[in-house]
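The values are calculated or read from the model by the stated rules, or taken from the named source; none is laboratory data. Computed from a prediction, not measured in an experiment: that's the story for all the values here. Glycine also receives a Cβ, built like all others from the backbone with ideal geometry; neighbour counts cover every protein chain displayed. Note: accessible area is taken over every heavy atom of the protein model, side chains too, but ligands, DNA and RNA are not part of it. Shrake-Rupley method; radii C 1.70, N 1.55, O 1.52, S 1.80 Å.
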Amino acid sequence: MALMSTALTAPSAAEDFKYNDERFADLQMLRYKVQDFETLTLQQKKLVYYLSEATLSGRDILWDQNGKYNLRIRQMLETVYTQWEGDKSTTDFKELTCYLKRVWFSNGIHHHYGCDKFIPNFSQEFLRKALHEVDTKLLPLAEGQSIDEFCNEIFPVVFDPKVQPKRVNQAVGEDLVLTSACNYYGEGVTQKEAEDFYNAMKDPNNKQPLMWGMNSRLVKENGVLTEKVWRSGGLYGTAIDKVIYWLAKAADVAENPRQESVIRTLIEYYKTGDLKTFDQYTILWVQEQDGDVDFVNGFTESYGDPLGMKASWEGLTNFKNKKATLRTEKMSANAQWFEDHSPVDPRFKKSKCKGISAKVITAAMLGGDLYPATAIGINLPNSNWVRAEHGSKSVTIGNLTEAYSKAAHGNGFMQEFCSDKATLQLIEKYGDLCDDLHTDLHECLGHGSGQLLPGVDPDTLKAYGSTIEETRADLFGLYYMADDKMVELGLTPNPEAYKSQYFTYMLNGLMTQLVRIEPGNDIEEAHMRNRALIANWAMEKGQAEGVVEWVRENDKTYIRINDYKKLRELFGKLLAEIQRIKSEGDYNAAQKIVEQYAVKVNPELHAEILERYKRLNLAPYKGFINPVMTPVVDAAGNITDIIITYDEAYDAQMLRYSRDYGTLPFINE
Ligand code: ZN
């Protein structure tokens, strides 16, 4: 599971490093600093470098997973962008540039967050003409295809709003597989066929079920359903072979034997596609706690599949931030205390909280579904039985969180949406710290807490599963933010600090996260739904008792929290109910609470927020440009150091990745 940044809070001092980079459409590019890289040993630096190459090598896989035309569209656009020799000062060319930057950002033609297809503002005639004027050999034509035939095939996908309108469709009542543009299911496969196919594989008596379907495309061949497995020699094999190449180099410089076997087991899994080997790999990965360097590499999160099974490819290379990790170690060391004192029914609690590890890490390279838009916290693996028996690894990515808050410094956002001076001061003082702590609680304790009742199928909540799970983790964090234990452990400086988090959380869930939604649209993304669910529910219940209220001042809407203690009780009450829904697998209750509180947007309030936000002139979404790692090589060919630089432009980076890590054919059948 991954936690996304709300990225909306302000303060903390600026420094020399340039966190903000270019801005286009609704996007702001940022940079992150790989702090303390120079303190690593040469062997560790090499390990980070090889893992980083593996992180970048799977990029094309995600592009193809996100939609079957994405790789061809990227190549088409990049060719015009770099090779076309016409007038580049025209609006058409500028709009093409903007569109290409958005496509790069989303790893495809659908919005990375909202999943809607975005439509270019240049003309089809312009593009067709430009395609006729560039070197045909560079264009991703299908075999025997003319340029005009190519245009006729691809243009509707790019320009027609009715063709592939959504990457992931979650609208109740529609065939979610047939109506989603993601490339996890082949032509003509229906939702019912896919569900029946995988239900037939499930054995309710198996205590260690495999993650069926997570590493394949389900296709129909001659009317028969079959899986095309993503592995060496299989679908995406050429990309996977490159990943394996770099992983093998990494294994040779591993920090310890166990870390080496983690990497070699992952290679074995990539070679075979065997899900049993995958489980073995994740168990080893959870157990390896001694090395400073670590990574995520593979088919991981299932947010991109409307049925929540198929996993998108992602990569992250990182190393431990030792100072900040002391914070999360305190939480982990007290995991059982938190579990025992949570307000949920004792039947749903773990009697023994095992192996919850938590650390703060420094990201060194982002790839696949974690680039350029990324998570700020990760809790893996996702397999329920592996988590129950072997625990999970929780990380918060310290240098990314820091980049977000530094970049947002002084942007006027909080002042616009919070009119109360005392609350503003509280946020300025404790906002950053409490944001970090809430993330830590969410990742190290929230996801790891609680248990399913015996016999409950972990997939029972289906399309609502991700939202309920994120809600559960957030509520666990919110409930404990206000606990005296946090002060006792020295995590919060005083019993008041948590209020900054309560305020910003409610503000975000009720109001400010809506800046990411187009007028008239529903809330779709699981983390956004979870925040809306909690905030709307707490507002509804809290309003009746005067705990929280809407206020109008100077023709603007604000929220006010009158009783923080009571608000905490409400969070506890909701946590108990959400845990019940999860533990019992109560699909109807999940559907009811999500549909009632987490999906619909009040159009008037939404319009007001968008208007106020627009006047601030800020970008609602942010993503990162990676650093560049360059090996220093001596005369004998040995690497003697790895140099990190931060000056590569966004477009240069994307073009370099397409050139150096273009690991797949444009058409992957
Ligand atoms: Zn989460």
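Assuming charge only on the beta carbon of Lys and Arg (+1) and of Asp and Glu (-1), the dipole of segment 60-157 about its Cα centre is about 340 debye to the nearest 20. Cα centroid separation, segment 146-199 to segment 503-553: 32 Å. Within the accessible area of segment 159-282, the carbon and sulfur atoms contribute 51%, probe 1.4 Å, all protein chains present. DSSP bridge analysis restricted to segment 164-291 gives an antiparallel fraction near 75%, rounded to the nearest 5. Here the chain is treated with +1 on each Lys and Arg Cβ and -1 on each Asp and Glu Cβ, and its dipole about the Cα centre works out to around 880 debye. For the peptides 567-579, 114-126, the ranking by packing is 567-579, 114-126, with the highest mean count of neighbouring Cβ atoms within 10 Å listed first. Quick note on the chain: its Rg to Rh ratio, both from C-alpha atoms and Rh being the Kirkwood radius, is 0.95. Of the peptides 72-79, 157-164, the order by per-residue mean of other Cβ atoms within 10 Å, starting with the highest, comes out as 72-79, 157-164.
Computed packing ranks the peptides 528-534, 95-101 as 528-534, 95-101, most packed first, by mean other Cβ atoms within 10 Å. Annotation: the antiparallel percentage among DSSP beta bridges lying fully within the chain is about 80.
Note that segment 449-463 has calculated 3J(HN,Hα) couplings of 7, x, 8, 7, 5, x, x, 7, 5, x, 9, 4, 7, 6, 4 Hz, one per residue in order, obtained from phi through the Karplus relation 6.51 cos²θ - 1.76 cosθ + 1.60 (θ = phi - 60°); glycine and proline are x.
A straight Cα-to-Cα reach below 18 Å connects LYS320 with the lysines LYS33, LYS45, LYS46, LYS330, LYS359, LYS393, residues fewer than 8 places away in its own chain not being considered. Heavy-atom accessible area for SER466, with the other protein chains in place and a 1.4 Å probe, reaches approximately 40 Å². Among the protein heavy atoms of segment 61-101, carbon and sulfur supply 42% of the accessible surface, probe 1.4 Å, non-protein parts ignored.
Centre-to-centre, using Cα atoms only, segment 391-468 and segment 317-337 are separated by 16 Å.
The DSSP beta bridges internal to segment 295-435 are antiparallel in roughly 75% of cases.
Hey, how many Å between the Cα centroid of segment 85-133 and the Cα centroid of segment 621-669? Going from one Cα centre to the other spans 24 Å. For the chain, adding -39500 (n - 2.57) for each run of n ≥ 4 DSSP H residues and dividing by the number of residues yields -14000 deg cm²/dmol at 222 nm. Proximity of backbone amide H atoms, modeled 1.01 Å from N, is registered between ILE559 and VAL551 at under 5 Å, excluding neighbours fewer than 5 places apart on the same chain. Looking at the chain, the accessible area is 39 square angstrom per residue; that uses a 1.4 Å probe and ignores ligands, DNA and RNA.
Hey, what's the per residue convex hull volume over the C-alpha atoms of segment 517-669, in cubic angstrom?
283 Å³
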